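Just so you know, all these numbers are worked out from the coordinates, no wet-lab data involved. Keep in mind the model is a prediction, meaning the values are calculated, not measured. Positions of Cβ are generated from backbone atoms using ideal geometry, with glycine treated the same way; all protein chains shown enter the neighbour counts.
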Amino acid sequence: MPDERVSSISRSRTVEEMAEFWDTHSLADYEEETYEVEMTFDPAARRTFVSIEPELLQDLRRIALERRVSTQTLVNLWLRQRVDQLKSQAPV
């Protein structure tokens, strides 16, 4: 959650604060503050998981933390950059 945003019910500024709040509160107590939303789910939009060596994953997590992004975001960004680089070098 961006720093400038505050959760509407818990008044939390971070996911950790929000988790702590909901560990000790019930959504049933806040039913009047909730609203129905419409959403769709695309079963075709799936993810594939790839095994990563533990030492490499530890390095990736450290770098992601330093850059303040998720490990998943970092890995996807780096893979996209490398694949695009290789595609641009491929013979026509």
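Can you give the relative contact order of the chain as a percent, counting alpha carbon pairs under 8 Å and 6+ residues apart?
Values: 29 pairs, mean separation 10.5, N = 92.
The value is 11 percent.
If you build the convex hull over the alpha carbons only and average its shadow over all orientations, what do you get for the chain? Give it in nm² to one decimal. Value for the chain: 10.7 nm². Only helical runs count toward this figure. For the chain, summing -39,500 (n - 2.57) over DSSP H runs of n ≥ 4 and dividing by all residues gives -14500 deg cm²/dmol at 222 nm. Loop-located GluC sites (Glu not before Pro) across region 1-72 with a Cβ neighbour count of 10 or fewer within 10 Å are E4, E36, E38, with loop assigned by DSSP.
Using θ = phi - 60° in the Karplus curve 6.51 cos²θ - 1.76 cosθ + 1.60, the 3J(HN,Hα) couplings for region 64-73 round to 4, 4, 4, 8, 6, 10, 6, 4, 4, 4 Hz; x is entered for Gly and Pro.
Checking every one of the trypsin sites (Lys or Arg not before Pro) in region 40-71 against DSSP loop status and a limit of 14 other Cβ atoms within 10 Å picks out R46, R47, R68.
Can you give the FRET efficiency to the nearest 0.05 for L79 and R13, using r as the Cβ-Cβ distance and R₀ = 30 Å? Working from the Cβ atoms, E equals 0.45.
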